[in-house]
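What follows is calculated from the coordinates using simple rules that are stated; it is not laboratory data. Bear in mind that the values here come from a model prediction, so they are computed numbers and not experimental data. With ideal geometry, Cβ positions are generated from the backbone for all residues, glycine too; neighbour counts draw on all protein chains shown.
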Amino acid sequence: MVDHEADTSAGTAVADADGVDRRGALGVAAGGTLARVRTGAAELTGALRRVAEHVLSDPEAAARATIVELAERSGTSPATVTRFCRAMGFDGYADLRLGIAAETGRARSAGWTVDIGREIQPGDPLERVLEQIMAADTRAMHDTAALLDLAEVERAAVAIAGAERVNIFGASGSALVGEEMQFSLHRIGVAAWAWNDVHSGLASAALLRTGDVALCISHSGQTREAIEMLAEGGSRGATTIALTGFRRSPLAELADIVLLTASQETTFRPDALSARHPQLVVLDLLYIAVAQRTHDRAHAAFRRTAQAVDGHKAARGASS
């Protein structure tokens, strides 16, 4: 069968013999098979994108299909399926099939991916909506854990633990996530500020120096304000960290350290909103890693801050 559309993926723009590690080129860390495909699919086009979409639409069927069957069902060719596997970081089609089969088997036994792709309807009962949200968030968490490079988390934690100043940037919903991180760091004595206004953020970023940290949150990695603020901090010598869902995004390419998250879009919750919980999980991991590396200082700061607000808590047994 002959492809009707050329393979124009950025991740496979060169021949297989060029020696490029395509897993690195697409920024997909070793981990969950379907997480790799979901993340990598966003950066594919043409025939390769069709293969990814078909695999994601019915992973169990893909795990049972031969390479010829998958090619026919996706309207491509066996050669394209092979290139797709390499673009996703697999040795070949057998590697992809085994990974999908193992993952779908675990998911089926755990029971958390049933009907996960089903659209939420306006008339669905709240019990059904809750099941769908829990399933989507659970898969996003698992995918994030599979994608996350813990060595990068370690580097980020060391940078923040040793920084005199940490600036956290984000716009819209990402700004809310950034404020959570600022609050957590502040409670353990880390000098951190969260900025959601581009003018204030740029002014603060301009005051950063070598040894400081600029952490920017953007799921798409394409928000212009976020990119500008991180770039300004980096130009002043600060270590730059990007928390994003796309390794090949402008924000990620600008950063010294990249922390990847996955998302599972559902009705009424597009990617940017569904990414919030995985973002918070990664930042919570980063916060704890910082606290571990500044244990004595963090413990003392947390104790003092807790004591400072203790008087504002209602006494036990007091009537409302």
Length gain on complete extension for the stretch PHE183 to GLU53, per 0.36 nm per residue less the alpha carbon to alpha carbon distance? 42.9 nm
Environment charge of ALA300, counting only residues whose C-beta is closer than 15 Å and scoring Lys/Arg +1, Asp/Glu -1: +4
Given backbone amide H placed at 1.01 Å from N, residues whose amide H is under 5 Å from that of ILE168, ignoring those fewer than 5 places away on the same chain, are TRP193, ALA194, TRP195, LEU215
Rounded to the nearest 5, the percent of antiparallel DSSP beta bridges in region 150-309 equals 5 percent
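Where a ≥ b ≥ c are the square roots of the eigenvalues of the C-alpha gyration tensor, would you call region 161-320 rounded, which needs a/c under 1.5, or, failing that, prolate if a/b is larger than b/c, or oblate?
Details: a/c = 2.00, a/b = 1.34, b/c = 1.49.
The shape class here is oblate.
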Gain upon complete extension [SER200, MET134; 0.36 nm per residue less C-alpha separation]: 20.1 nm
Karplus-derived 3J(HN,Hα) from phi for region 82-88 (6.51 cos²θ - 1.76 cosθ + 1.60, θ = phi - 60°), whole Hz, x at Gly and Pro, runs 4, 5, 4, 4, 5, 5, 7
Can you give me the distance in nm between label points at SER235 and GLU164, each placed 7 Å from the Cα along the Cα-to-Cβ direction? 2.2 nm
Figure the gain on full extension for ILE288 and LEU98 (residue separation times 0.36 nm, minus the Cα-Cα span) and round it to one decimal in nm. 64.9 nm
According to a simple spin-label model (label point 7 Å from Cα along Cα-to-Cβ), what is the distance in nm between TRP193 and PHE302? 2.6 nm
Mind running the shape call on region 27-98? Use the C-alpha gyration tensor, a ≥ b ≥ c as the square roots of the eigenvalues: rounded below 1.5 for a/c, prolate if a/b tops b/c, oblate otherwise. rounded
Summing +1 per Lys or Arg and -1 per Asp or Glu among the other residues with Cβ less than 14 Å from ALA203's Cβ gives -2
Could you please report the charge total around ASP143, scoring K, R as +1 and D, E as -1 over all other residues with beta-carbon less than 11 angstrom from its beta-carbon? +1
